[in-house]
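One structure, as structure tokens, below. Some questions next.
Read-outs throughout are calculated quantities, based only on the coordinates presented, and are distinct from any laboratory measurement. Source: prediction; values computed, not measured. Quick reminder, even Gly has a Cβ in these numbers, built from the backbone with ideal geometry, and neighbours come from all protein chains shown.
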Amino acid sequence: MMVMTALLILLITEPGVPVVALLFEITSAFGTCGMSLGITSDLSIIGKSIIMVLMFIGRVGLISFLYTLGGKTNKRPYSYPKERVIIG
């Protein structure tokens, strides 16, 4: 889903770049395999930003990335007792 969304955004922002080349760059970024066709330097700022975000999400993992964006954690309705124990 993310790859297809990124492809649609890059197709709109990068006219004149072949679809196969864009798809290759996007899947390579998301898979963090390090392969490129050399068109990354020719992309606009928006295109480079999308590629960077895909690289980061691919490296960290989608579940971990969404967990960090999830917001605050719920406070537990219990607490552990605190006591200073004197030994000796």
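Considering only the stretch 41-69, state which residues are over 18 Å from MET1 (Cβ atoms) and outside any helix (DSSP H, G or I).
The answer is LEU43, SER44.
Next question. Step by step: first the residues of the stretch 1-40, then only those that are without any contact (Cβ under 8 Å) to a residue 12 or more places away in the chain and in a helix (DSSP H, G or I), then the one that is surrounded by the most Cβ atoms within 10 Å (Cβ to Cβ). Which residue is that?
Once the filter is applied, the top-ranked residue is SER28.
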